[in-house]
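Colleague: Before I ask anything, let me first share the structure, which is written out below as structure tokens.
The values are calculated or read from the model by the stated rules, or taken from the named source; none is laboratory data. Nothing here was measured: the structure is a model prediction, and the numbers come from that model. Quick reminder, even Gly has a Cβ in these numbers, built from the backbone with ideal geometry, and neighbours come from all protein chains shown.
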Amino acid sequence: MKARTKKTLLVFHRWTGISAGLIIVLVGVTGSILVFEDELDVALNPDLYSAEIKGDRLPLDEIVSQTVQAHPGWQPAFVSRMDDAPGRTLTVTLRDADGNERQVFVDPFTAEIVGERSSLSSMALIRRLHGDLTLGAVGENALGLLSILLMVMFTVGLALWWPRKARVPEALSVRWDGGSNRVIRDLHNTGGVYMFVFLFLSAVTVPPIVWKLTAPQVGPPASTAAPQVGTPAAAAAPRSAPANAGPPMPAQAGGPPPSIPWQVAADAALEAVPDSWLGFILRPAGPQPFYLIRVFPPGENAVAAQSTVFVNRYTGGIIRISAPAAPTWMSLLSADFAASLHSGAVAGLPGRLVMFVAGLFFPALFATGFLLWWRRRKGR
């Protein structure tokens, strides 16, 4: 590499790391925490996630209805369950007119509220810091652009490190007897090289998560609409609600028909994906004509194992099922698969541990790089 080219790349690598360093550190540390978000949340808040087993679980609509009655002015956004442990509570997430969120933890056997917390809880704040820097869409877009910059910076760093063949063993080790500056430089270089694949992976998976849509783009069906292509007529016919499912969502004048109950939509998804348990169900507040439902195999709650089912919110028919499949290069464009790679969940516990360590390397590389720049500046 020519000296001028190397100097230009070094300046780019150095100042990109310094200028975006604090954000990189924040995203790295919060990402490491979120790799084990569920385990940490349960350990810190055991009472919120535990319920005494008392007979059969109540229908979702009864649970949602009682939760909303206890919180006037709030509307249900989605219902989730952390895992399929028999005594696990349900989390009903409510939103008010201003978009504020509140998590309500409900006993699924009695519909009793066992606890609640606002969107400003410590774990929710960590999630928002990592996902959008608490800036909403602006922060998401900023992190998407930053991830592209990081991919370039990592590649430039690898090019700057790349040694001649005879010096590879030396370049892959730390000389502890070479003085403090040499030790810091070796730690920075070898750390970046050994973790390059995982650091690059953590960056390349961000754009699909931030910018790709996973919802099907279909319009609400008219009451006399024919079944969709590939959908049996029986599946497209409106499903009747069970006696204890609660009242359906009222229809607006001149608008679409009323939504089917939450439990009916959940049953449709569980019937479409046998031998699974319900982990997440969302009914959009807007005109989107579907429930978005995520189900998992027994004992699993990783993104890599989930099936996403879109259920017609007016008829109960299945619109689409996104089931786990062998990954391809096109899988990287899927937000769910990218998220599974981003957290390491695609490889189970070993993958999560690796991505946990990779997140901690962001502050380590920033600290060693900043020290090298600061000492060089003081020496001048």
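Colleague: Identify, by number, the condition in (1) in a helix (DSSP H, G or I); (2) at pLDDT 50 or above that residue 235 doesn't meet.
Modeller: In the conditions (1) in a helix (DSSP H, G or I); (2) at pLDDT 50 or above, residue 235 misses (2) alone.
Colleague: Another one. Go through 110, 93 for me and flag whichever is among the polar types (S, T, N, Q), in contact with a Pro (Cβ under 9 Å, 6 or more places away or on another chain) and surrounded by 14 or more Cβ atoms within 10 Å (Cβ to Cβ).
Modeller: 93
Colleague: Pick out the one residue from 115, 87 that is assigned by TED's automatic domain parsing to the domain that holds residue 300 and either surrounded by fewer than 19 Cβ atoms within 10 Å (Cβ to Cβ) or more than 30 Å from residue 147 (Cα to Cα) (or both).
Modeller: Checking each option against the conditions leaves just 87.
Colleague: Please give the strands (runs of 3 or more DSSP E) falling wholly within the stretch 288-380 in which 3 or more residues are surrounded by 19 or more Cβ atoms within 10 Å (Cβ to Cβ) and in contact (Cβ under 8 Å) with a residue 40 or more places away in the chain.
Modeller: Counting at least 3 such residues, we get 290-296, 307-312.
Colleague: Also, I was wondering about something else. Given the conditions (1) surrounded by fewer than 16 Cβ atoms within 10 Å (Cβ to Cβ); (2) at pLDDT below 95; (3) part of a helix (DSSP H, G or I), which single one is not true for residue 99?
Modeller: For residue 99, the failing item is (3).
Colleague: Now a separate question. Are there any pairs with C-beta distances below 9 angstrom linking a residue in the stretch 120-139 that is in contact (Cβ under 8 Å) with a residue 24 or more places away in the chain to a residue that is acidic (Asp, Glu) and in a helix (DSSP H, G or I), with the two at least 6 apart or on different chains, and if so which?
Modeller: Listed by first residue and then by second, the contacts come to 123/37; 123/41; 126/37; 127/37; 133/140.
Colleague: Among helices (runs of 4 or more DSSP H) lying entirely in the stretch 137-197, which contain 2 or more residues that are closer than 21 Å to residue 360 by Cα?
Modeller: Result: 137-161, 180-194.
Colleague: Just give me the residues in the stretch 6-29 being in contact with a Gly (Cβ under 6 Å, 6 or more places away or on another chain) and under 19 Å from residue 132 (Cβ atoms), in sequence order.
Modeller: 28
Colleague: If I filter the stretch 130-149 for residues that are under 19 Å from residue 39 (Cα atoms) and touching a helix residue (DSSP H, G or I) at 6+ places or on another chain (Cβ under 6 Å), do I get at least one hit?
Modeller: Checking the stretch 130-149: at least one residue is under 19 Å from residue 39 (Cα atoms) and touching a helix residue (DSSP H, G or I) at 6+ places or on another chain (Cβ under 6 Å).
Colleague: Looking at the stretch 8-22, which of the residues that are crowded, with 16+ Cβ neighbours inside 10 Å and among the aliphatic types (A, V, I, L, M) is nearest to residue 153 (Cα to Cα)?
Modeller: 9
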